[in-house]
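Down below is the structure, laid out as structure tokens.
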Amino acid sequence: MEDFVTQYFLKTGAGWTVIGAMMAVMFGGVGSARGIRIAGGQAAGVLSEKPELFGKLLVLMALPGTQGFYGFIIAIFMAAQTGILGGALKVTPLMGLALMAVGICAGIVQYRSAIYQGEASAAAISMTARRPEESGRSILIPALVETYAVVALLASILFIMWVTAMKVA
Amino acid sequence: MAIDPVLKVWLISPASGAEEVPEHLARIGLVHVSEVPRSDAEHQEALRSLSADTRAIETRVRKLAECLDILSQFHRSARDLLSNLIPTPIETTHKALEAALQAIDVESLHPRLKELAARRAAAHAGAERAKGRLKALEGFDALGVAMPAEDGLRWSSAALWLIPTKLAERLGATNSTLEGVVLEALGNAGSNTLVASVALREHADQVASRLRELGFEPVPGPERNTTVAAYVQAIREEFKSREAAAREVEAELSGLGPLRTQVELVLGHEENALETARAVSKMAATGRAAVMVGYVRAREAEVLKAAMAREMPEVSLVLEPPAAGDNVPVSLTNKALFRPAQFLVEMFGLPSYNAFDPSAFLMLSFVLFFGICLGDAIYGLVMLAMCLALRARYREYPGLRNFFSLLCYGAVSTFLVGAATATAAADLPARVFGSQSIFANWPADPLKKPVAALGIALALGIANQFWGIAMKFRGLWLQGDKWGALFDAGLWFLLLPGLVLLMVGQVSPELALAGTVGGWMAAAGAVGLVLTQGRNERSVVGKVVVGVVSLYGIVGSYGCVSFIGDTLSYSRLLALGLTTTIVGMAVNIIAELVRLDIAVLGTVLFLVVMAGGHLFNLLISGLGAFIHAARLIFVEFFGRFYEPGAQRFAPLGATGSRIRITG
């Protein structure tokens, strides 16, 4: 155990990086699941009355699922840039801590935005139920919420690149 | 490949007998009926609305819908599932419809089905109640002690309770806390004790409430004094008889199941009749003449004229192009190659009549994205075989045929992407040919080079964004707004490629020239956008502010922030592709472990796990691929240029959403 801690948390930052990567995956995944549950619950109510709208509601239900993928992308990017995935480890403990912070912060944004997007999707589903011909426009409402998940993803990618490019004495 | 040109139809008939015009039109089946416009006060005064009494048909439709709902529970088909995704009318003939109309007497069928449904519900509810009691009394069925009935005593009220045995023991020690009630433990089972309580009748509610607070769970008691064992036996018999009653009713309902198709045909017929009757209320009349307005496809105008001369010679027909501002219904006709993509456009919403049909322009992107998300050669082949079979099975339903055709294209794309990345049922090539083979060290393996794969996904995103802007340019240009095309789309073609070149120049010093050119392009585009995007504002300040805001991208789907966000959204292509492969690899590992660990049955189990696991992965990942490829089209691509919302061209007649008469 001591060797493990020394190897992955004191000599290298691989352990911190893995924690940060999995935090991004966890927050993104849980947020997406909750967002889809909110949208799915609303859709189930509509479909019980209007089953013919299934095709139109399918994408609206799936919209909050994106943040889970963004968390996954952040994790993959961290693993690839630090050499955890298929290469020599090149991450110091300080870098690892910085990457862990990136993963947690990005994950929290993914988590909350997925839930908010689920709520916006639920509203859009109600709109589609009342006016099915407006289903196209209604997709754009929850899509706007995703902007901030994308901003967090972009910031994460930039910071991962910046942190892993640092020259540490 | 386009939106069908339509003509506006004016039908002027004598006021007497005007109510029959919709019936004739329904037989012809070519005219989409609209409200008669009343644009000014003069029209409002001169024209009166016609009305039709539709209550009788509405009642029949409601009763038939209820009958269909009951029968559908006992006679389901694969079409039920698919028709929720894609409108799938039943193909029928006049002869079959006539037979159904003769066979189904809704006035006798409806009460019979309602009565059977009510009996079934009552039987199930009784069985559920008995099941609940049996569960509560589980373990007490051999208890021979007496059990009082709730109303079995004259001045007192008895009740049964289930409590944890520990609580029963504790209460036994402090019995003084329960004044006014006599408790008797009837027996123990597991960690629970069955307790009988007796209290004065006037205190019964108060005592019951107190016992509940203490953690007593009420158990419904017998109606007469008996023993616990006899009571449990009686409940068992009741449960069996209720179940038998439910089965009997269900058998009777199942026997009526074959009527379902006929009920659906009659329902479709009645819905069409209702629509036809309601069309009367869209007409307007003066004292002597009545007028009806509708639309006909231009290519069917001559057929309509001939049919009108035959069916309604007394009705005058005037055809003219739709006026600006008319809410024109839209029908799409595409070449066979692009027809499957029409399914996506109809799913999202139809374009307005003056816009253009994007079906052909989204086809390649959708199919490519689907292939990248699923990307596996074996999955592609299996899916192609399945979709070809389903396409043949449902070839008579245009909606389903288009859907499965689209999936066939997606399957081919899946195969090609899988072949390009050496992915065939995940990592089978590498496993079969060994870790030193070319397949184990494939140069285009996204699992080994995820960052490069992410770059490709984002590059596809950029390309699709440009394609969307090109569509906007095309749409505005075709509508005659050439300055709008140049300012609102053309300038972005200067700015965005300029930014891309600028980034390339920054990353690769040897391409510094491209960076310089890109910088100038981006600057020119940005200045142009700031100067033109606020051109509809009156004040100079307003023009500049709107220009800057538009460049940044707070409002609408255009702007630097929107483009960056939409492009990053394409990273899901990588995530989904990797997910499909990784789940497939997990299936391979599990199958291999089963084969090695179990000597005799190993090979059989290996094959079962491989087939079941990969089929599951294909279905789940295929669903994800479809949804997310569609989302990239609907949100990121359509957001650039497309506005849905037109009403569907739906001719009045026996061609509704439920049935289609073919002969």
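Annotations for the structure displayed:
- Each Lys and Arg Cβ is given +1 and each Asp and Glu Cβ -1; about its Cα centre, region B:432-491 then shows a dipole of about 40 debye.
- Considering only alpha-carbon pairs that sit under 8 angstrom and 6 or more positions apart, the relative contact order computed for region A:18-165 is 37 percent.
- Fraction of antiparallel bridges per DSSP, chain B only, in percent to nearest 5: 90
- Net charge contributed by nearby residues that have their C-beta within less than 15 Å of B:A306 (K/R +1, D/E -1): +2
- Summed buried accessible surface, chains B and A, 1.4 Å probe, nearest 100 Å²: 2700
- Surface share of carbon and sulfur [accessible, 1.4 angstrom probe, percent] for chain B: 61
- Classification of chain B by its C-alpha gyration tensor yields an oblate form. The axis ratio a/c (a ≥ b ≥ c) is 1.5 or more, and b/c is at least a/b.
- Positive-end residue of B:F606, B:G519, B:L368, charge dipole of the protein assembly as shown with Cβ unit charges: B:G519
- Comparing A:Q117, A:Q42, A:Q67 in a Gaussian network model of chain A, where Cα atoms under 10 Å apart are tied by springs, the biggest mean-square fluctuation is seen for A:Q42.
- Spread of Cα-to-Cα distances over 10 Å intervals beginning at zero, given as percent, for region B:133-237: 15, 50, 31, 3
- The protein assembly as shown - charge dipole about Cα centre, Lys and Arg +1 at Cβ, Asp and Glu -1, debye rounded to 20: 1320
- Magnitude of the charge dipole for region B:301-356, about its Cα centre and with charges confined to Cβ atoms of Lys, Arg (+1) and Asp, Glu (-1), is about 300 debye.
- Per-pair calculated FRET efficiency, R0 = 22 Å: B:L388 and B:R76 via Cβ, rounded to 0.05: 0.35
- Note on B:K305: aspartates and glutamates with a C-alpha under 18 Å away, same-chain residues under 8 apart excluded, are B:E20, B:E23, B:E314, B:E320.
- B:L134 versus B:N441: modelled label distance in nm, points set 7 Å from Cα along the beta carbon direction: 6.7
- Across region B:107-112, rounded Karplus estimates of 3J(HN,Hα) from the backbone phi angles (6.51 cos²θ - 1.76 cosθ + 1.60, θ = phi - 60°) give 5, 9, 5, 4, x, 5 Hz, Gly and Pro being marked x.
- Computed over neighbours whose Cβ is under 12 Å from that of A:P64, the net charge equals +2, Lys and Arg +1, Asp and Glu -1.
- Heavy-atom accessible surface of the protein assembly as shown, averaged per residue, reaches 49 Å², computed with a 1.4 Å probe.
- Formal net charge of residues neighbouring B:A2 (Cβ-Cβ distance under 15 Å; K, R +1; D, E -1): +2
- Cut-off 11 Å, label 7 Å out along Cα→Cβ of B:R119, residues of region B:234-270 by amide N: B:245-253
The values are calculated or read from the model by the stated rules, or taken from the named source; none is laboratory data. Values in this document were obtained by computation on a predicted structure and should not be read as measured data. So basically every Cβ, Gly included, is an ideal-geometry build from the backbone, and we count neighbours across all protein chains shown. Surface areas here come from the heavy atoms of the whole protein model, side chains and all, with no ligands, DNA or RNA. Shrake-Rupley method; radii C 1.70, N 1.55, O 1.52, S 1.80 Å.
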